[in-house]
Amino acid sequence: IPEIPVTMENLDIKLNGHILNGTASAAKFTSGGIKAENLTSDFSMKGDKFYLNKLKGDAFDGKINGNIVYNLSNAQTGIIFSGEGLNAEKAVYGCVGIKNAIYGTLGFDTTMSLKVVDYNEMMKSLKGNLNFNIKNGSFGAIGKLDTLLQANNIITNSILKTTTMDACLACGVNYMDTANYEPEDTAKFEYLDGHLSFENGWANLNPIKSSGNSLAYYITGKYNLINGTTNINILGRLDAPIVAKLG
């Protein structure tokens, strides 16, 4: 697929009787920003379907594993995959291209199907679910309260803009309330859970939830995988000392 170049290093294939049955390993795998190492897998061919089973490897400082089946006659592909102990910041940057987006330890599992032709067709045909969890993390380029307070519908309203100017400062990454509490950090969270479903080129958020000492989120809506448009609802809850600081 021209839009998705793939390179592999030190690919080792061992056949087991039949031409398309055996085991394989690769020292390195690269596709765009996605990089994996120490990959191993069993493979087999049954009819027009090619199977990669027990696929395992290292990626983004964690472990990944799963199964993939590819239909040679119609390019339909089924994927069951999971990961644990991944570096969330590296994973988001590698998969989505957003630097310093979010930090923490990432785990995920997904079951999906898609038609592997070109990018648009892949996104249109994508169906399935993705569940993820990030533990003991913090928001970076996305999710921080001060970022949300600078939303266009706030800063274009003169009254709201004036009201939230101090709020943006008070609820930044490093916040100290007036009662000499320990520094509060609205960016930090204990967990961030996400449940996504894919259909007709959309990713549906069903929902995404986070919880921290100072700030919690409950997010629903949808994201268009082809053109990047988003329609989401964000409900937030702030800790009492921060609310008092905001006045």
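The values are calculated or read from the model by the stated rules, or taken from the named source; none is laboratory data. Everything numeric here is computed off the predicted structure, so don't read it as measured data. FYI the Cβ positions are ideal-geometry reconstructions off the backbone, even for glycines, and counts take in every protein chain you see. Each accessible area value is taken on the protein alone, full model and side chains, heavy atoms only, with ligands, DNA and RNA left out. Shrake-Rupley method; radii C 1.70, N 1.55, O 1.52, S 1.80 Å.
Between helix 158-170 and the chain there is an angle of about 80 degrees, using the helix long axis and the longest principal axis of the Cα atoms. Taking the average, over residues, of other Cβ atoms within 10 Å as the packing measure, peptides 96-103, 16-23 rank 96-103, 16-23 from highest down.
Here Tyr119 sits with roughly 100 square angstrom of accessible surface, probe radius 1.4 Å.
Let me check I've understood the local charge: for Ile134, count other residues with C-beta under 14 angstrom from its C-beta, Lys and Arg +1, Asp and Glu -1. What total comes out?
So the surrounding residues net to -2.
Extension gain for Thr40-Ile13 works out to 8.7 nm (0.36 nm per residue, less the C-alpha to C-alpha distance). Solvent-accessible surface (1.4 Å probe) assigned to Glu37 amounts to roughly 90 Å².
Report, in listed order, any pair from Lys56/Lys144; Lys124/Lys188; Lys99/Lys124; Lys63/Lys222; Lys56/Lys135 with a Cα-Cα distance greater than 31 Å.
Working: Lys56/Lys144 34 Å; Lys124/Lys188 35 Å; Lys99/Lys124 26 Å; Lys63/Lys222 29 Å; Lys56/Lys135 23 Å.
Over 31 Å Cα-Cα: Lys56/Lys144; Lys124/Lys188.
Averaging over all projection directions, the Cα-based convex hull of the chain occupies 14.9 nm² in the image plane. Beta bridges from DSSP with both residues in the chain: antiparallel share about 100 percent, rounded to the nearest 5.
Could you work out the relative contact order of the chain? I mean the mean sequence separation of Cα pairs under 8 Å and 6+ apart, divided by the number of residues, in percent. Walk me through the numbers on the way to the answer.
On the way: 592 pairs, mean separation 26.3, N = 247.
Worked out over the chain, it gives 11 percent.
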